[in-house]
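In what follows, a structure is listed as structure tokens, so that the remarks can point back to it.
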Amino acid sequence: MLDLALGLMLFVSALLSLHSKDTMKSGVFFIIFGFLSGLIWVRLEAPDVALVEIILGSAITGLLIFKLVKGSKQKDLKAFTFTRLWAGFISFLILIFMLFHLTTIERQDRIASLVFENLHKSGVDSAVNAVLLNFRGYDTLLEVGVITLAIFGLLSLGLKREAYYWDNPLLKGFSRLLLPFIVFFSLYITYLGTFSVGGAFQGGALLAGGLVIFALAGQALPLKASIIYIFMMAGLGVFSLIGLLYALLGYGFLTYPLELSTISIMIIELSIWISTAFLLYTAYRGKL
Amino acid sequence: MMDLVYGLLLFLLVLNLLLGLVRVFRGPELVDSMMASLLLGTGGTALLLAFFKITKEAYYINLALGFALLAGVVGVAFAIIILGKSKDGI
Amino acid sequence: MAFEILSIAFMFIGAIFLLAGSIGLIRLKDTYSRLHALTKADVLGFGFIVLSCILSTDLLSHWIKLLLVWLLAISYSALVGYALANRKKRYA
Amino acid sequence: MIWFYYILAILLVIISLYHFIVARNYVKRLIALNILGSGVFLFFITTAKNTNTESPDPVPHALVLTGIVVAVSATAIAVSLILHLNKEEE
Amino acid sequence: MISFDLGYLIVLPLLASIFSLISPIRVYIALAFSLLSFLLSVYSFLYTLRDNTPLYQWIGGWTPPLGIGLRLDGLSGFFLLMIGIVSLFVALYSISFFNVEYKRQGRFFWFFFFFLWAGLNAFFLSEDLFNLYVALEVLSLTAVILVALPGYKKAIKASLNYLFLSILASMFYLLGIAMLYANYGVLSMSLLSQKLSDTQEFIYALFPITIALAIKSALLPFHFWLPPAHSSTVAPASALLSSLVIKPPAYLMLRLWMEVLPKDKSLEYLSIVLSIMGALAIFIGSYYAIRQKTIKRLLAYSTVAQMGYLFLMAPIYYHGGMLKEAVFQAFALQVFSHALAKASMFLSSGNAIYVAKRDELSYMPGFAHSHPFTFFALFFSGATLIGLPLSAGFVAKFLFLELSIKLGFFLHGGIMLLGSLLASLYVYPIWKECFSSHPTKFYDKPIPQLMEISAFLLGFLAFSSGMITGFLLEGIARR
């Protein structure tokens, strides 16, 4: 019942977000869509994904979309009938294909049991983070690469983005009060990643949220640009250096020996935490 | 017995979300929509806490904390970005 | 057992308060009064739900986190309400 | 319940694909792509639940985490490019 | 003695990208790391030449299905060599290029350049489908940023369209992987090929994957993003995009068809559809290329046409299971010759634009007199594109022709030859303009030597590697 209600609400919010004429309204609906999909991940026993979805997929993307909506004044023109027809046709084709595919899916074990068997050799107690940072750590290296690349890409465009802020003492005080707490809590979430629900991306994105509030109150971080630069690089740099180090030592690329795995993963998580935070913060601001 | 009670509870919370969604849809102005989506944020946090109550899994609290933090950030950002005027500067 | 019943009762009270807030959101006529309904519901309803959760665990770390959730929720609700109303009034 | 989620995922993919092709507005297209991504992730996560083991398969969860981060990166670039384009057009 | 590790091929460019961004002596770092990565690529090609077994490396010591595997065999080793050669020469060119033009972009260019290199190496080495997705995403995001690099409106618009389509393609690809994972529960290609035999469910997953790969490699109905994207950016970036970035999806398709997917009737139909699309791409791409008035757009449309060959031969991938080595050789040599030739042509077009400040064809007369190196670069690379005898393009087309005759696809061979003819029709105007009128005083402006030499060497290599194909083909055929 609960799943049904949440799922329908998710669908309706997606539909409204896509359908509404006003782009601002579709932005608002998109944020609701993000919230609801977070709840749905929880229902599907994927709390890690839920945390990321709520923080990154909904909140940070939502902030970006707010900025986008405010900055763009493009009208939504009506599509040609021909376009509609073939869009409908393609979508319908994929619908048919996927519905047929559904009939072939069986309940099976896949890799799950293998992961749980090897969990004790990974240096982490949380299955998702074991997959993310040890079993498939190479994917995560490239993923950190992707996010670093994206943010430096938008910095390289060298555009002047408008900054939105509200010069209000209440907001200023609140954001100052909140920041140390958020730093602490995001570190805690990062630390939780080693044995429970949490992780570096989640923690970093939370910190980015705190930094955004700080910036919304019209304050600049008391950090030099070069330091922010280095923070943004930290994740990719540390991760690839550690990978290189183990390759040079003869263990093999990104192959942690068992006794060093926990400490390596901790270092990597910390570096990803700080760089994710500053990368997303920069993504929001659009400049250093 | 407990199942029924919890079911009723979850029903109330989901109804709450549903009403919020209705207001988001109807909201004559954008501000109303955003307010209602904040209600969804609170409602979602409440739902997570209810899950915590039912299952006693500790991670729900962290989720709720994250949810509460970010819902607020989105609300404030909405007020400042969409409703405010823009200036060059910070 | 008594705690359990109390906790469930609190949860219900909280849920009903939240629901009242949403009904207010639906029924009330203009933005400011809706804002009023929303913020009231947040503080009270949410407080009761947090209280119920606090009653049902006995870990200190959970208590601290739950209290933080509540504090965050009310401070944000106040802040967002203030920000929305203020901005709307200024730039309407 | 698994099948409900599978169908939900498919529906999300379909409607967002349709709107992606139809929309002329960059903002709408970006939102459609994000929703399309969510549909795909939902498919993955539902597959994770569809096992015989007690807790769901963690591998798709990790993959989806990667996917979400990648999607946010792409969104950040897109937002930046669209804003730049608007500046140029003024 | 440090043992060889495939991880170096990925980590070194990544580290190079970081260093080149934060250090003030970025050109020297770029040069050093380019050389280092180039040597690594050459080493890995020689490694496959020496050993007759593919090198598998399980990252983290976790064997699939749990972990991710890297695989170095003849085909991927050869492509690594190709990436190394093209990237090295583009690096040499860009050192000079960003010294004289686009100074602001030069600050960031190296970061994306090395990222692209890392992504390409990661793509050709990986044998895990999800890892391929992430590598593909690295590639396409880098490509998008490289398109937007000049910062003017045309470039931004092109890159935005490219970005949207490539996100859509990535999502489709991810959907396909999700469907495969739901059915078979593995992501590694070698395990998947075992599990796939005698099943049919993969057909449904193949549909979104094929669409995704077609979008990413600009196959016909989805080709419209390519010409604006590849023609509106700076010359080194165009060279990288057109020669390297669109090849990986086609390579993945080859791998899937030759090594993973089992024989199935519906695959045969799909191969026919793909080959029709490929043939149409050859004709339409060539047609538009002939009609273009600006050199960069001409080259971009010619890329559409040349990518068509790779899809035209889809039935051969399906039927050529017996002749796997020969198919790999033909495919790899076609990709190789096109990559080198197209990179050289784009670099030369950069030279031409540097002198003439315009990119219309009619604005570049007399290059054969004033800038012989640029002319010879254009000449050799054009000859390779057409497939004139002795060039690598000729050998590739010859191999394809031989295969199509052996397997009885005469029509495909004929279409390919026709494509060659069309190619000569669009390459010819470039050559003609180089000789046409007397060079004016204006065109005497010297081009920096490094820019001329690197473009020339690439073109020369593309042409002359036709003469050492024995050595290259042996490398490709190694398992």
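The values are calculated or read from the model by the stated rules, or taken from the named source; none is laboratory data. Computed from a predicted structure; not experimentally measured. Positions of Cβ are generated from backbone atoms using ideal geometry, with glycine treated the same way; all protein chains shown enter the neighbour counts. These area figures cover heavy atoms from the full protein model, side chains too; ligands, DNA and RNA do not enter into them. Shrake-Rupley method; radii C 1.70, N 1.55, O 1.52, S 1.80 Å.
Pick out which of D:Leu30, D:Leu65, D:Leu42 has the largest mean-square fluctuation in a Gaussian network model of chain D, springs linking Cα atoms closer than 10 Å. Top of the fluctuation ranking is D:Leu65.
Between C:Lys89 and E:Lys357, what's the calculated FRET efficiency when r is the beta-carbon distance and R0 is 35 Å? Round to 0.05. Write down the numbers at each step before the final one.
Working: r = 55 Å, r/R0 = 1.58.
So the FRET efficiency works out to roughly 0.05.
For the stretch E:210-363, the fraction of alpha-carbon pairs lying more than 19 Å apart is 52 percent, rounded to a whole number.
Each other residue within a Cβ distance under 13 Å of E:Lys216 adds +1 if Lys or Arg and -1 if Asp or Glu, for a net charge of 0. When all alpha carbon pairs of chain E are counted in 20 Å bins from zero, the resulting P(r) reads 26, 60, 14, 0 %. With a Förster radius of 22 Å applied to the beta-carbon distance between A:Ile230 and A:Leu260, the computed FRET efficiency rounds to 0.30.
Solvent-accessible surface of chain A, averaged per residue with a 1.4 angstrom probe and all protein chains in place: 34 square angstrom. Give me the base-10 log of I(q)/I(0) for chain A at each q in 0.08, 0.11, 0.12 Å⁻¹, Debye formula, one uniform scatterer per Cα, rounded to two decimals. So the normalised log intensities are -0.44, -0.82, -0.96. Remark: the stretch D:2-89 projects, on average over all directions, an area of 6.0 nm² (convex hull of Cα atoms). Please identify which residues in the stretch E:351-385 have an amide N closer than 13 Å to a label point set 7 Å out from the Cα of E:Lys432, following the Cα→Cβ vector. In the stretch E:351-385, the label zone of E:Lys432 (backbone N under 13 Å from the point 7 Å along Cα→Cβ) covers E:361-362. Shielding of peptide A:78-84 by partners, expressed as the average count of other chain Cβ atoms within 10 Å per residue Cβ, is 2.
Taking 0.36 nm per residue of sequence separation and subtracting the Cα-Cα distance, how much length would be gained by fully extending the chain between A:Leu93 and A:Leu221, in nm to one decimal? Could the numbers behind the result be given before it?
Numbers: separation 128, 0.36 × 128 = 46.08 nm, distance 5.12 nm.
Contour length minus the Cα-Cα distance gives 41.0 nm.
Charged neighbours of E:Phe113, selected by a Cβ distance under 13 Å, balance to +2 (K, R count +1; D, E count -1).
Note on E:Lys263/E:Leu46: beta-carbon distance plugged into 1/(1 + (r/R0)^6) with R0 of 35 Å gives a FRET efficiency of 0.50. Using equal-weight Cα scatterers in the Debye expression, the normalised intensity of the stretch B:11-68 in log10 at q = 0.12, 0.18, 0.26, 0.28 Å⁻¹ is -0.31, -0.61, -0.93, -1.00.
For the interface of B with A, what's the total buried accessible surface in square angstrom, probe 1.4 angstrom, rounded to the nearest hundred?
On the way: alone 6850 and 18070 Å², together 20510 Å².
Protein heavy atoms only, the B-A interface buries about 4400 Å².
Buried surface between chains E and D: roughly 2800 Å² of accessible area, summed over both sides, computed with a 1.4 Å probe on protein heavy atoms only. Across A:Lys25, B:Lys53, the residue with the most accessible area heads the list, and the full order at a 1.4 Å probe is A:Lys25, B:Lys53. Partner shielding of A:119-131 amounts to 3, given as the average count of beta-carbon atoms from other chains within 10 Å of each residue beta-carbon. Each other residue within a Cβ distance under 15 Å of E:Leu267 adds +1 if Lys or Arg and -1 if Asp or Glu, for a net charge of -2.
The orientation-averaged projected area of the convex hull spanned by the Cα atoms of the stretch E:1-101 comes to 8.1 nm².
Based on the alpha carbons, how large is the Rg to Rh ratio for the protein assembly as shown when Rh follows Kirkwood?
Working: Rg = 28.7 Å, Rh = 29.3 Å.
Across the protein assembly as shown, the Cα-based Rg/Rh ratio is 0.98.
For the stretch D:2-89, the per residue solvent-accessible surface stands at 19 Å², with DNA, RNA and ligands left out and a 1.4 Å probe.
With contributions of -39500 (n - 2.57) from each DSSP H run of at least four residues, the per-residue ellipticity at 222 nm computed over the protein assembly as shown stands at -26000 deg cm²/dmol.
What is the Cα centroid distance between the stretch A:66-123 and the stretch D:7-62, reported in whole angstrom? Computed from Cα coordinates, the inter-centre distance equals 4 Å.
In the stretch E:18-74, inverting the average of 1/r over every pair of distinct C-alpha atoms gives 13.7 Å as the Kirkwood radius.
Between the stretch A:231-288 and the stretch E:320-382, the C-alpha centres lie 40 angstrom from each other.
Contact with the other protein chains removes 30 Å² or more of accessible area, compared with the isolated chain and a 1.4 Å probe, from these residues of the stretch E:63-98: E:Pro65, E:Leu66, E:Ile68. Take each residue in A:201-212, count the other chain C-beta atoms within 10 Å of its C-beta, and the mean is 3. Take the Cα coordinates of the stretch E:313-376, assign each an equal point scatterer, and use the Debye formula without solvent to give log10 I(q)/I(0) at q = 0.29 Å⁻¹. Evaluating at q = 0.29 Å⁻¹ gives log10 I(q)/I(0) of -1.17.
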